[in-house]
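What follows is a short report on a single structure.
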Amino acid sequence: FMNNTNLHDNDNEQWKHISVLESKGISLSDIKKLQDCGFNTIESLAYIPKKKLIEIRGISELKAEKILLEVSRLVPLGFCSATECYKIRQDLIYLTTGSKEMDNILGGGIETGSITEVFGEFRTGKTQLCHTLCVTCQLSVSKGGGEGRALYIDTEGTFRPERIVSVADRFNLNRQDVLDNIAYARAYNTDHQLELLNQASALMSESRYALLVIDSATSLYRTDYTGRGELASRQQHLAKFLRSLQRLADEFGVAVLITNQVIAQVDGNACFMTDPKKPVGGNIVAHASQTRLYLKKGKGVNRICKIYDSPNLPNGECVFSISEAGIGDSVN
């Protein structure tokens, strides 16, 4: 388990803390302004356009150019060979889901450094998967974990620490340590949900985190924005939120797990479909997620997980079960 040690000077980390800019001639007050806007690493500055920096109060165009010049010297943003890219992918860490069958179709588990979307109707195991991964991400790499903490942003009020305790007992982990290593926040509106990612960035720059959970990513958007008149602004805000999630995955190498709700198609073609349900969020969410998993109800405690979309995994499905101890293998 991770303690509260400061990781700013840890050479093993892939990212560099923003405090490095002080030695490059950037004032402390300007660094503080950047941190207040959620920029806690050099990489976070490298991934944004100049106009976003200029929008920050107190950062002029001249200052923005100087900051980006120093950042470009610290972060390689050019081409690399496919061989190097292949080696990096070979070293990726996968977080076990608790079910061997689900891990198998996912190529080892939930991939770190990318966004995995899980969608399905109610009672299909979305939240249970989130709870299980909050524990398994704390396991050693040899046991299918990420040796890091978990961040949990809850928009539906379904986080239950007692479920975390049950899963911790299953994996023979200390209950108190497991709970202490999970940072929890309840989001009450879409703006608050986006602001919490700035706080998440600050936490990740201080300690090692392996997982970021958003349960669910779209529920508040369904209530904060209503009707076709607000559809464009809803999708724009949602795209900004998902882009911020991708930035955190790129910066810190954490696995990002988002849950999504489904809607029933009620148009004329619905009667010809075997399954008329589709995930909320449209193409914005579809393009933002690297891996999409569709959970369906099975017999009894069993559930079905289907790979809905992935850039590298073949189509496939498996059966898993839900119990008091979280996600497990299927039960006959």
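I want to confirm something. Restricting to region 62-75 and keeping residues that are of a type outside the set (A, V, I, L, M) and more than 16 Å from residue 29 (Cα to Cα), which single residue is least open to solvent (accessible area, probe 1.4 Å)?
70
Within region 307-328, track down each residue that is hydrophobic (A, V, I, L, M, F, W, C), within 12 Å of residue 105 (Cα to Cα) and assigned to a loop (DSSP other than H, G, I, E, B).
Answer for region 307-328, where residues must be hydrophobic (A, V, I, L, M, F, W, C), within 12 Å of residue 105 (Cα to Cα) and assigned to a loop (DSSP other than H, G, I, E, B): just 313.
Among the candidates 164, 182, single out the residue that is farther than 26 Å from residue 307 by Cβ, within 18 Å of the chain's Cα centre (by Cα) and at pLDDT 95 or above.
182
In region 199-233, what residues are open to solvent by 30 Å² or more (accessible area, probe 1.4 Å) and within 30 Å of residue 165 (Cβ to Cβ)?
199, 202, 203, 206, 208
Basic (Lys, Arg) and closer than 24 Å to residue 212 by Cβ: is that true of residue 66 in this structure?
no
Each row is one residue, and each column tells you yes or no for (1) over 15 Å from residue 70 (Cβ atoms); (2) surrounded by 14 or more Cβ atoms within 10 Å (Cβ to Cβ).
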site: 23; (1), (2): no, no
site: 26; (1), (2): no, yes
site: 31; (1), (2): no, yes
site: 35; (1), (2): yes, yes
site: 40; (1), (2): yes, yes
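For region 1-84, which fully contained helices (runs of 4 or more DSSP H) count at least 2 residues that are at pLDDT below 95, aromatic (Phe, Trp, Tyr) and closer than 26 Å to residue 147 by Cβ?
none
Does residue 275 fit the bill of being among the acidic types (Asp, Glu) and either buried (at least 19 other Cβ atoms within 10 Å of the Cβ) or under 19 Å from residue 308 (Cα atoms) (or both)?
So residue 275 passes the test.
Give the residue that is most open to solvent (accessible area, probe 1.4 Å), with candidates limited to residues of region 294-317 that are without any contact (Cβ under 8 Å) to a residue 40 or more places away in the chain and under 19 Å from the mean Cα position of the chain (by Cα).
Across region 294-317, the extreme among qualifying residues is 311.
Determine whether region 109-125 contains at least one residue that is in contact (Cβ under 8 Å) with a residue 60 or more places away in the chain, more than 14 Å from the chain's Cα centre (by Cα) and either open to solvent by 10 Å² or more (accessible area, probe 1.4 Å) or more than 25 Å from residue 262 (Cα to Cα) (or both).
Yes, region 109-125 contains at least one residue that is in contact (Cβ under 8 Å) with a residue 60 or more places away in the chain, more than 14 Å from the chain's Cα centre (by Cα) and either open to solvent by 10 Å² or more (accessible area, probe 1.4 Å) or more than 25 Å from residue 262 (Cα to Cα) (or both).
Can residue 238 be described as in contact with a helix residue (DSSP H, G or I) (Cβ under 7 Å, 6 or more places away or on another chain), of a type outside the set (Val, Ile, Thr) and not in a helix (DSSP H, G or I)?
Considered against the rule, which asks whether it is in contact with a helix residue (DSSP H, G or I) (Cβ under 7 Å, 6 or more places away or on another chain), of a type outside the set (Val, Ile, Thr) and not in a helix (DSSP H, G or I), residue 238 comes out as no.
The values are calculated or read from the model by the stated rules, or taken from the named source; none is laboratory data. All values derive from a computational prediction rather than experimental measurement. Note: ideal-geometry Cβ built from the backbone for every residue, glycine included; neighbour counts use all protein chains shown. Calculation scope for accessible area: heavy atoms of the full protein, side chains included, ligands and nucleic acids excluded. Shrake-Rupley method; radii C 1.70, N 1.55, O 1.52, S 1.80 Å.
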